[in-house]
Amino acid sequence: MRAELELSQQQAWHRVAAPGTWLTGAERVAIAAETRHALDCPHCAARKAALAPLSVPGTHASLGALDAADVEAIHRIHTDSGRLGQTWFNGVSTGGDARYIELVSVVVVTVAIDTYRSAAGLPPQPLPTPLPGSPSRHRPSGARPGPGWTATLRPEDVTADEPDLFREHPGPRERRGANIHLALSLVPHSMIHWWDCFEPMYMTGPQMRVFETEYRAISHAQLEMLAARVAALNQCEY
Amino acid sequence: MTGQGSGVPHADVLLPFADAALSFDSARIAPARAAVLAVLGEAAMIDAAAVIAGFNGITRIADATGIPLEDTKADDTADWREALGINAFQAAKT
């Protein structure tokens, strides 16, 4: 494995086990475990096959460590994300928008690392041991509603109380130019957790825009083709 | 879809690799991975697996947070989004 890729994935996996902003280390590891478990959930399989997933009666097969709302969110995000809508979001009660964002970040880090290792022929990483400590419960003072379903923190609203989530330093800003950069910004450490894991898998923003240089063993065109294929398979409108 | 006609080199092995990877089915993944290794080598297989994995995560972020496409991108891509059926994804959301 490329050294940068290996290091970033090791770091991302260890960060799953650490206390977050809204979740304990134990809760975060339980979310990672439940994410994996979702692939074997008969209720998710039935919903996936249905034209109207919310019309399918039944309950999720869960590991039992999390409450039903968390399990619903985790399972849907992993198994049927392309059909998630605001009606569903409004009805899933996972303890507030910031806690939800942190849950999403743990799910997607788990999905990405598991997908990589499975595709590359590597065994799954063992679940990490949760680290002690309490969540900070810090909500950025500059967060405001939109552009998605939750509040976000725009670059212009970042205060000195926040980490360098948009990679402003030393400048120019690296994480910019797309709404997707805002998606997890309500929980800055969750945003950093994801993008530090994702960029070595793909490219950084500046690398993405330099077409005369190839940063990976496959070309920009091949990377974009694969990205588009995955987006289409996942029915991702974005 | 094999990727023939896309104009992207080696789409014929890369796209089946993506399809297999998202299945999490090792029986599907192994031959698809072997085809990429045979044609493009290990470093390319690793980077292909990585980008597939990364976008298997980031698409979920977009869909789980309701983040909309930027207006300028939506305007610039309106024709081919309709032609490719991407706009139909919205109708399936609940």
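Given (1) surrounded by 13 or more Cβ atoms within 10 Å (Cβ to Cβ); (2) out of contact with any Lys or Arg (no Cβ under 9 Å at 6 or more places or on another chain), where does B:D71 come up short, assuming only one miss?
Unmet condition: (1).
Can you confirm whether A:A178 is touching a helix residue (DSSP H, G or I) at 6+ places or on another chain (Cβ under 9 Å), at the interface with chain B (Cβ under 8 Å from one of its Cβ atoms) and crowded, with 19+ Cβ neighbours inside 10 Å?
No, not satisfied.
Would you point out which residue out of B:V36, B:V8 is of a type outside the set (D, E, K, R), over 30 Å from A:V56 (Cβ atoms) and not in a loop (DSSP other than H, G, I, E, B)?
B:V36
Could you tell me which residue of region A:200-233 is nearest to the other protein chains (Cβ to nearest Cβ), considering only residues that are farther than 16 Å from B:F17 by Cβ and assigned to a helix (DSSP H, G or I)?
Across region A:200-233, the extreme among qualifying residues is A:P200.
Among the numbered criteria (1) aliphatic (A, V, I, L, M); (2) over 19 Å from A:M225 (Cβ atoms); (3) facing chain A (nearest Cβ under 7 Å); (4) part of a helix (DSSP H, G or I), which single criterion is violated by B:I29?
(2)
Search region A:148-167 for residues that are in contact (Cβ under 8 Å) with a residue 60 or more places away in the chain and pair each with any residue that is assigned to a loop (DSSP other than H, G, I, E, B) when their beta-carbon atoms are under 8 Å apart and the residues are at least 6 apart or on different chains.
What qualifies is A:W149/B:G66.
Could you list, in sequence order, the residues of region B:70-83 that are assigned to a helix (DSSP H, G or I) and either over 27 Å from A:R176 (Cβ atoms) or more than 9 Å from every other protein chain (Cβ to nearest Cβ) (or both)?
B:D71, B:T72, B:A74, B:D75, B:D76, B:A78, B:D79, B:W80, B:E82, B:A83
Could you check region A:80-94 and list, in sequence order, the residues that are touching a Lys or Arg at 6+ places or on another chain (Cβ under 6 Å) and among the polar types (S, T, N, Q)?
Residue satisfying the conditions is A:S81 alone.
Could you name every one of the helices (runs of 4 or more DSSP H) located completely within region A:1-80 that has at least 2 residues being surrounded by fewer than 16 Cβ atoms within 10 Å (Cβ to Cβ) and not small (G, A, S)?
A:3-16, A:42-49
Looking at this structure, is B:S6 of a type in the set (S, T, Y) and at pLDDT below 95?
yes
Considering region B:41-69 alone, what residues qualify as being facing another protein chain (nearest Cβ under 7 Å) and either more than 17 Å from the chain's Cα centre (by Cα) or among the acidic types (D, E) (or both)?
Result: B:A43, B:D47, B:D63, B:A64, B:T65, B:G66, B:I67, B:P68, B:L69.
The values are calculated or read from the model by the stated rules, or taken from the named source; none is laboratory data. Source: prediction; values computed, not measured. Ideal geometry is used to build each Cβ from the backbone, glycine not excepted, and the neighbour counts take in all protein chains shown.
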